[in-house]
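The values are calculated or read from the model by the stated rules, or taken from the named source; none is laboratory data. It should be emphasised that the depicted structure is a prediction, and the values quoted were computed from it without experimental measurement. Cβ: placed from backbone, ideal geometry, glycine included. Neighbour counts: every protein chain shown. Surface accessibility is based on the protein's heavy atoms, side chains included, excluding ligands, DNA and RNA. Shrake-Rupley method; radii C 1.70, N 1.55, O 1.52, S 1.80 Å.
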Amino acid sequence: MTDIAPGLIPADARNAAREVRKRKLQAFLFVTPLLVFVIFAFVAPITTMLYRSIHNPTVANLIPDTLVALGDWSGEEIPDDTVLIQFAADMKRMANDRTSGQLADEINRALPGMSSVVKSTARSLRRVDDTEIATNGAALLIEANDRWADPATWSAVKAAGQAYSTSYYLTSVDLERGPDGNIVQRDTQIYVKLYTKTLRMALIITVLTILLGYPLAFYMAHASDSMANFLMVFVLLPFWTSLLVRTTAWIALLQTNGVVNSTLLAIGITDQPLELLYTQFSTILAMTHILLPFMVLPLYAVMRGIDQSYMRAAMSMGSKPLGAWYKIYLPMSLPGLSAGALLVFIISVGYYITPALVGGTDGQMISNIIAFHMQQSNNWELAAALGSLLLVLILVLYWLFDRFVGTDNIKLG
Amino acid sequence: MKDLGSETFLRFDDVKKSYDQKNLVVKGFNMDVRDGEFITLLGPSGSGKTTVLMMLAGFESVTSGDIAIAGKSINRTAPYKRNIGMVFQNYALFPHMTVAENLAYPLTVRKMPKAQIKDRVAEYLKLVELSDFGDRRPGQLSGGQRQRVALARAMIFEPTLILMDEPLGALDKNLREQMQFEITRLHKQLGFTVIYVTHDQTEALSMSSRIAVFNDGVVQQCAPPAELYERPSNAFVAGFIGENNFVPGKVTAIQGNTVQVQTDGGTVVAQLAEGLSEGGPCQVSIRPEKLFIHPTTHAYDNALTVRFNTRIYVGDFIRYYFKLPDGTDIIVKVLNDLSAPEFDDGAEAQLLWLASDCIAFPAG
Ligand SMILES: Nc1ncnc2c1ncn2[C@@H]1O[C@H](COP(=O)(O)OP(=O)(O)O)[C@@H](O)[C@H]1O
Ligand SMILES: [Mg+2]
């Protein structure tokens, strides 16, 4: 029995407890839709993605016996005949199951050029007798393609056979495990450059939206209501038109014989159309335009709450307008600025559509390469690793932001 | 207290202001302020008091006319060069700075050496009795404390002129009285000139050297509190400052400083105000506390017959409501003692008062 305050009879206590339970249930019902969304559209996919980036059981499922046999292979020369025979048997089975193509893709990722080797080997082993393979499999395999006599090939098979591996993360940062197991630079350096470029572009876009958005929000926040509402319509206008339409509008403007180029030609600033579309420049330009509202709205909301008496007080005390702005207004509007900057930066780091449409090769960002690996190269594991890395990057940046600016300094209104 | 300088320190010369190019919000504002005076702009909301203050501080432009400090026009001086301290109604303390940093701000702007700033801040914190609060943020202070910080911040750079726009408007009654006292004390101690804006007449009466009663963009009267109360120069001031009864009548004779007025309840003698002419309509104003109900031991020159309507018990005094034959209400304040009479409904009564306690204004 719990303690009951004097004057509170058990029936009262029960009633009060029932009331509390009812409130809790109500509160829970109110947030349920949000919770469901978060779990199904956020937590679950991200967990799957994180798992997928380190877990790839395809090869392990296709040739489990070969991999067991390869277990105590030294890695120095061609594996034992038992391994080769087992692999030949597996190849024959896969050729008949029509699963050899999957193996070809997977091994090709570990060692480029292996796709055709695997496929042709599978073809030539398909009709060979089982007893023949059991006795003479090793020779048949090497006869089908002499690359099976190369230890490097078997290293690749063994590497691809690992169900859990960090190799996708290594690839994401342009590293790989060399033949001796050491981590070395890959020949092709793509992803680190792409990450840096993505961050740099996001930073430029954020700075541009600040430069454009801050004065606008300032003017709107201290203009008359009717003026502010009028301008707000223009700020929100992009939200009411489809993203595709806005992006295509930029294509119409920037293309070789588009509005901008024909104007420049007409006034004689250039005598040749400029390369504007399908560049980093066009991506940054279009994204600045599209993301501007995300900067203006939180800034406006915060500035709206800053009474003009603060600036006046500062000036009455002898501060020049610019000094008063820097010392008084800027710190007071910082919560809005932080919120806007964080919003724009994070959105642009993961932006996909606009760079895909107006970016060309030069203006691609990390999301575009992730999409490429999911849609075209079918390398979901690498896509997952790249995505996870992006997530980590953003979390780190958020942490840094929290350290230096403080998240309690964020205000959306 | 510093001696009031004899010559003008601040002068408004026919200052006008229009926000919309159509209507004048301030219509020809004239005032001379001497050094060290405590001037209050008192008027109903929307009468243009804040506008005058903002023009003086430089945050609103002057449409026409001239504002001069020490003989020099400041119309074209930037606000930050005017050296005018200001206390805002919402205090405008910088929320991201501590109290000490708030106080240091005007000194830092003036590039005063750090050590000196520290001493000065400590001195002014002590002056407003907040020595232990220097490290707090404004958000952690009570309303009265914030008010005192705002005051200290407006004074700390030793401006010759301090403007206050309804600085006590957000405080409750007790705190307001305490702060009125505080402001008066600091004004006497430091001797700066104050232009104080309020719509609260008790505040104006208790603090000011002179009050400018503002209505409709024009100064109706600018005079010391007692004169304003005792000798209002027109019916608006008489009605706005304190309570007043207005008895309508007709001027029958003007003799020197006094005037004879024929009212429905009898002929009365009153002080003469400007703009009266023999035979013209007028209204005689008498304060409720200057009226006595017959019989009385007080001296009187005038008597008026009225009917009792009702009485309201207020506590330390009782308010009697009478009606003139023409229906005009007359209020009498009587101290709550044994002499307070009882009346039946509609009973006749005689109200008595001195001719020197009433003024006849032209009927507006
Ligand atoms: N910035 C402004 N723009 C337009 N009209 C204003 C502005 N400030 C004040 N007014 C108008 O001027 C008149 C006087 O206002 P104000 O000086 O604030 O009066 P008070 O301080 O006596 O209440 C009001 O009718 C108000 O609507
Ligand atoms: Mg005002």
What order do you get for A:98-110, B:342-354 when each peptide is scored by the mean count of other beta carbon atoms within 10 Å, highest first? A:98-110, B:342-354
As a Kirkwood estimate from alpha-carbon pairs, the protein assembly as shown has a hydrodynamic radius in angstrom of 35.5
For region B:104-202, averaging the sequence separation of alpha carbon pairs under 8 Å that lie six or more residues apart and dividing by its residue count, the contact order in percent is 27
Under 21 Å Cα-Cα from A:Lys22, which lysines qualify once same-chain neighbours fewer than 8 residues away are excluded? none
Per residue, how much accessible area does region B:243-362 show when a 1.4 Å probe rolls over the protein heavy atoms, in square angstrom? 50
Quote the FRET efficiency, to the nearest 0.05, computed for A:Gln308 versus B:Glu227 with a Förster distance R0 of 45 Å and r equal to the Cβ-Cβ distance. 0.75
Ignoring ligands, DNA and RNA, what percent of the accessible area of the protein assembly as shown is carbon or sulfur (1.4 Å)? 57
Hey, what's region B:8-235 come to in accessible area per residue, 1.4 Å probe, Å²? 43
What residues of region B:84-115 lose no less than 30 Å² of accessible area with every protein chain in place versus their chain by itself (probe 1.4 Å, heavy atoms only)? B:Phe88, B:Asn90, B:Ala92, B:Phe94, B:Pro95, B:His96, B:Tyr105, B:Val109
With all protein chains present and a 1.4 Å probe, the order of B:Val306, A:Val184 from largest accessible area down is A:Val184, B:Val306
What's the buried accessible area, both sides, between A and B using a 1.4 Å probe, rounded to 100 Å²? 1700
From the protein chains alone at 1.4 Å, what is the descending order of accessible area for B:Tyr300, A:Tyr164, largest first? A:Tyr164, B:Tyr300
Please give the net charge around A:Ser120, taking every other residue with its beta carbon less than 13 angstrom from that of A:Ser120, where Lys and Arg add +1 and Asp and Glu add -1. +2
In terms of Cα to Cα distance under 23 Å, which lysines are near enough to A:Lys327, apart from those fewer than 8 places away along the same chain? A:Lys411, B:Lys81, B:Lys111, B:Lys114, B:Lys118
Using a 1.4 Å probe, what is the accessible area per residue for chain A, in Å²? 55
State the extension gain, in nm to one decimal, for the chain segment bounded by A:Gln102 and A:Phe234, taking 0.36 nm per residue of separation less the distance between their alpha-carbons. 42.3 nm
Could you work out the relative contact order of chain B? I mean the mean sequence separation of Cα pairs under 8 Å and 6+ apart, divided by the number of residues, in percent. 15
23 Å Cα-Cα reach of B:Lys27 towards lysines, excluding residues that sit fewer than 8 places from it in its own chain: B:Lys16, B:Lys17, B:Lys49, B:Lys72
